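Student: Here's a structure for you.
The values are calculated or read from the model by the stated rules, or taken from the named source; none is laboratory data. Every value quoted in this text rests on a predicted model; they were computed, and no experiment measured them. Cβ sites come from the backbone with ideal geometry, for glycine too, and all protein chains shown count toward neighbours. When the accessible area is computed, the model is the full protein with side chains, heavy atoms only, and any ligands, DNA or RNA have been set aside. Shrake-Rupley method; radii C 1.70, N 1.55, O 1.52, S 1.80 Å.
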Amino acid sequence: MSLSDLPLLQQLVLVLAALVLFTSFVLLEQARLVSAIHAFAWQGLLVAAVTSVVAAAAGAHHLYFSSLLTVALKALLIPWMLRRLVQRLDLERHTETLQRPALVIMAGVGLVIFSYWLVLPMVEQELSFTRNIVAISLAAVLIGLLMMVFRKQAVLQVIGFMSIENGLFLAAVSATGGMPLVVELGVAFDVLVAMVLFGVFFFQIRESIETLDVDRLNRLTESAEDVVADSAQRSAAGERQ
Amino acid sequence: MDHLLSPAAWGLAAVQALLYAALAPFVVGWVRKVKAWLQNRRGAPVLQPYRDLYKLLGKEARVAHTASSLFRAAPYVVFVATWLAAATVPLLAVNLPTTTVADIIVLVGLLALARFFLALAGMDVGTAFGGMGASREMLVSALAEPAMLMAVFTLAMTAHTTNLASMIDAQLAAGLVLRPSLLFALGALILVAIAETGRIPVDNPATHLELTMIHEATILEYSGRHLALMEWAAHIKLVLYGALIANVFVPWGIAQSLTPAAIGVGLAAIVLKLVVLGAALAVGETVLAKMRLFRVPAFLNLALLLALLGLLGHVILEVGG
């Protein structure tokens, strides 16, 4: 079956899914924090668009509800919360460039190929027309993981985590035509709570190490030793006086 | 295939090649005019590039004492190679002999030949600017070429051919099909075209005697008819990329038969497409600022990524299963 045999609506699903993958790469390389949040919002919107077009093309009406939920949560609410957090943390002009962007991007491309190879046996089964998207969604999950590995800034790691959730949602839509409503609501609530908790954590991390660079967390023990050594010195000095 | 070798087809191919040379200054003038409008200036007339070329062709060509014969030959090589490359891209009609004997790999090769001689000519006189421009030109092209070839392979896999005419025929036969791979290939090709034709944000075509120039630095020592040929070649290259993008991705309107009516429609269609593309280029150049030279690799890396995603998208989404 070739692409030109599919109806136009189903072709649109594939184009939107490819754009979701592209936004994953944009997230991976985006240097500006605020732009990364915007790219994440676009990814949520594209995932919602894929869901609603699948609903229209396959006549699965319950997917419209998931699509609405995705728009509200991933394209509006969570980006807004992230944006407000960034404002309150005074990180609006924060930029973080990757050390070797070309290599990281090539690693991402490698992950796409790997996930295609992984789902190949599944694709060979006659599923619905969305079966080709399974590889894309798996790649989005893996690229989200890659982002969490290579990014040092806590907010960007959270965005990576959220984009993993986007990939999982896309996988659910493409492989099984969406999850049951209860599960979907549960996951949505989970993500929301996670977001609130992350917000609290950002403030905690910043209060203790005065930055959101997660690599600095390794040095917490050293600085604690420094404090101990410092106080020991001071008390020694006090005794001498 | 027999009718392709008829004198009429060869005649039309020659007319098309001449049309490339004749149309190129108009497109450049149009882009400059739209840019001037967007900057609240009146701007030079659209026909100004023709007058510039006429003026330069009439002037004496001065050559530096240190220049070798290569310096004199380079403008002719660059012009002829670019013009030949343009002749392989369908402009008015699809099945012309020039477009069927040479495929898109030949096109890339001819453009590489022109660029090679441009860089040699830049270094030949031995000035600092020329050498710097040549090295930058080679940097940009070395990064742009893989992206261009990847985009070309994406197109070739979709159409099962590397021949431009067959590609356009396949596109027309398939009708309106939304292909993610072509979308990404289009993005990659646009970025490559911007880099290769030296437009903002990679290079500023209007700059002179600035440390940021790339293309202008290599032709700084040229004057008279040599300079005219170099400039004309640059204009043809711009139209070549415009016609490539317009006719491969939006092929509708191009003549598939050699009747006068079809060719008239083809001419109107390509002029309209080039005018729209030129206006879009002018808007892009007004909105964007020129980037630092060391940001150019990231820009072309994006082009390569888009081309790779196009290739993978084709394999995963369009073939799989």
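Student: Could you grab the relative contact order for chain B? Cα pairs under 8 Å, six or more apart, rounded to a whole percent.
Tutor: 29 percent
Student: So for chain A, averaging the separation of alpha carbon pairs under 8 Å that are six or more residues apart and normalising by length, what relative contact order in percent results?
Tutor: 21 percent.
Student: Would you mind getting the Kirkwood hydrodynamic radius of the range B:1-135 from its Cα pairs, rounded to one decimal in Å?
Tutor: When all Cα pairs of the range B:1-135 are included, the Kirkwood radius is 17.5 Å.
Student: Give me D for the range A:11-72 in µm² s⁻¹, whole number, from Stokes-Einstein with Rh from the Kirkwood sum over alpha-carbon pairs, 37 °C and 0.692 mPa s.
Tutor: Diffusion coefficient, whole number: 273 µm²/s.
Student: Could you give the spread of the C-alpha atoms of the range A:134-223 along their three principal axes, from largest to smallest, in whole angstroms?
Tutor: Each principal axis gives a Cα extent; for the range A:134-223 these are 51, 25, 16 Å.
Student: Report D for the range B:45-108 in µm² per second (integer): Stokes-Einstein, Kirkwood Rh on Cα pairs, 4 °C, 1.567 mPa s.
Tutor: 88 µm²/s
Student: Could you give the distance between the Cα centres of the range B:26-85 and the range A:11-38, to the whole Å?
Tutor: So the two Cα centres are separated by 40 Å.
Student: Follow-up question, since we're still on this one. Plugging the Kirkwood radius over Cα pairs into Stokes-Einstein for the range B:248-321, at a temperature of 37 °C and a viscosity of 0.692 mPa s, what D comes out in µm²/s? Let's see the in-between values first.
Tutor: Details: Rh = 16.0 Å.
Estimated diffusion coefficient is 205 µm²/s.
Student: Could you order A:83, B:41, B:292 so the one with the most accessible surface comes first? Probe is 1.4 Å.
Tutor: B:292, B:41, A:83
Student: Using modelled amide H (1.01 Å from N, peptide plane; none on Pro or chain starts), what sits under 5 Å from the amide H of residue A:153, excluding residues fewer than 5 places away?
Tutor: Here A:214 satisfy the definition.
Student: Now, a different point. Can you sort A:42, B:10 by 1.4 Å-probe accessible area, starting with the largest?
Tutor: Heavy-atom accessible area, descending, gives A:42, B:10.
Student: Could you tell me the center-to-center distance, by alpha carbons, between the range B:274-300 and the range A:115-166 in angstrom?
Tutor: 32 Å
Student: Shifting gears a bit: Computed over the Cα atoms, what is the radius of gyration of chain A divided by 2.2 N^0.38 Å, N being its residue count?
Tutor: Normalised by 2.2 N^0.38 Å, the Cα Rg of chain A equals 1.23.
Student: Just by accessible area at a 1.4 angstrom probe, what is the order of A:29, B:60, B:196 from largest to smallest?
Tutor: The ordering from most to least exposed comes out as B:60, A:29, B:196.
Student: In peptide A:132-139, how many Cβ atoms from other protein chains are near each Cβ within 10 Å, on average?
Tutor: Average per residue, whole number: 3.
Student: Now, a different point. Report the chymotrypsin sites (Phe, Trp or Tyr not before Pro) located in the range B:211-244 that are in a DSSP loop and have at most 16 other Cβ atoms inside 10 Å of their Cβ, or state none.
Tutor: Details: sites: B:222, B:232, B:241; in loops: B:222.
Of the chymotrypsin sites (Phe, Trp or Tyr not before Pro), not one in the loops of the range B:211-244 has a Cβ with at most 16 other Cβ atoms within 10 Å.
Student: Which of the lysines could a cross-linker span from residue B:33 if the Cα-Cα distance has to be under 30 Å and same-chain partners fewer than 8 positions apart are dropped?
Tutor: Within reach: B:55, B:59, B:237, B:273, B:290.
Student: Got a number for the accessible area of residue B:52? Probe 1.4 Å, square angstrom, nearest 10.
Tutor: Spelled out: residue B:52, probe radius 1.4 Å, area about 50 Å².
Student: Please state the Cα pair-distance histogram of the range B:194-243 with 10 angstrom bins from zero: what percent is in each bin?
Tutor: 26, 55, 19, 0
Student: Ok, one more. What value does the range B:125-212 have for Rg/Rh, both radii from Cα atoms and Rh as Kirkwood defines it?
Tutor: Numbers: Rg = 17.2 Å, Rh = 15.2 Å.
Looking at the range B:125-212, the ratio lands at 1.14.
Student: Sticking with this one: Quick one: Debye curve from the C-alpha atoms of the protein assembly as shown, no solvent, what's log10 I(q)/I(0) at q = 0.09, 0.13 Å⁻¹?
Tutor: -0.79, -1.30
Student: With a cut-off of at most 12 other beta carbons within 10 Å, and DSSP calling the residue loop, which GluC sites (Glu not before Pro) in the range A:105-177 qualify? Please list them. Present the calculation step by step, with values, prior to reporting the outcome.
Tutor: Working: sites: A:124, A:126, A:165; in loops: A:126.
The qualifying sites are A:126.
Student: Can I ask one more? Taking the 0 to 90 degree range and rounding to the nearest ten, how far is the long axis of helix A:101-124 tilted relative to the main principal axis of chain A, both from C-alpha atoms?
Tutor: Computed tilt is about 40 degrees.
Student: Now for a different question. Extension gain residue B:289-residue B:138, at 0.36 nm per residue separation less the Cα-Cα distance, in nm?
Tutor: That works out to 52.1 nm of additional length.
Student: Taking the Cα centre of the protein assembly as shown as origin, work out the dipole magnitude from +1 charges on Lys and Arg Cβ and -1 charges on Asp and Glu Cβ, in debye rounded to 20.
Tutor: It works out to roughly 1600 debye.
Student: Need one number for the range B:81-135: average projected area of the convex hull over its C-alpha atoms, nm².
Tutor: Its average projected convex-hull area is 4.2 nm².
Student: I'd like to know which of A:173, A:101, B:90 lies farthest towards the positive end of the charge dipole of the protein assembly as shown, counting +1 on Cβ of Lys and Arg and -1 on Cβ of Asp and Glu.
Tutor: B:90
Student: Counting Lys +1, Arg +1, Asp -1, Glu -1, what net charge surrounds residue B:42 among other residues with beta carbon under 14 Å of its beta carbon?
Tutor: +4
Student: Could you give me the ³J(HN,Hα) list for the range A:31-47, computed from phi with Karplus coefficients 6.51, -1.76, 1.60 and θ = phi - 60°, whole Hz, x at Gly and Pro?
Tutor: Along the range A:31-47, the couplings run 7, 7, 5, 5, 5, 5, 5, 4, 4, 5, 4, 5, 4, x, 5, 5, 4 Hz.
Student: With the Cα gyration tensor of chain B in hand, give its eigenvalues times 5 under a square root as the equivalent ellipsoid semi-axes, listed largest first in whole angstrom. Each step should come with its number before you reach the end.
Tutor: Working: eigenvalues 194, 111, 76 Å².
With the √(5λ) rule applied to chain B, the semi-axes are 31, 24, 19 Å.
Student: If you plug each phi of the range A:169-179 into the Karplus form 6.51 cos²θ - 1.76 cosθ + 1.60 with θ = phi - 60°, what whole-Hz ³J(HN,Hα) values come out, in order, with x for Gly and Pro?
Tutor: The phi angles translate into 4, 4, 4, 4, 5, 7, 8, 10, x, x, 8 Hz.
Student: How much accessible surface area, in Å² rounded to 10, belongs to the heavy atoms of residue A:111 with a 1.4 Å probe?
Tutor: 40 Å²
Student: Rounded to whole Å, give me the distance from the Cα center of the range B:128-199 to that of the range A:202-217.
Tutor: First find each Cα centre; the distance between them is then 45 Å.
Student: Something else now. Using a probe radius of 1.4 Å on protein heavy atoms only, what is the accessible area buried between chains A and B, both sides summed, to the nearest 100 Å²?
Tutor: 2200 Å²
Student: Could you work out, residue by residue across A:13-22, how many beta carbons of other chains sit within 10 Å of that residue's beta carbon, and then give the average as an integer?
Tutor: Working: counts 2, 8, 9, 2, 4, 13, 5, 0, 7, 8.
Per-residue shielding by partner chains comes out at 6.
Student: Can you divide the C-alpha Rg of the range B:197-321 by 2.2 N^0.38 Å and report the result to two decimal places? Let's see the in-between values first.
Tutor: Working: Rg = 18.6 Å, N = 125, 2.2 N^0.38 = 13.8 Å.
Compared with the compact-globule rule of thumb, the range B:197-321 sits at 1.35.
Student: So how tilted is helix B:104-124 from the main axis of chain B? Cα-based, degrees 0 to 90, rounded to 10.
Tutor: 10 degrees
Student: Based on the alpha-carbon gyration tensor of the range B:1-69, what equivalent-ellipsoid semi-axes (square roots of 5 times the eigenvalues) come out, in whole Å, largest first?
Tutor: Calculated on Cα positions only, the semi-axes equal 32, 25, 10 Å.
Student: Let me ask another. Taking the Kirkwood radius as the inverse of the mean 1/r across Cα pairs, report the Rg/Rh of the range B:279-321.
Tutor: Reported Rg/Rh, Kirkwood definition of Rh: 1.21.
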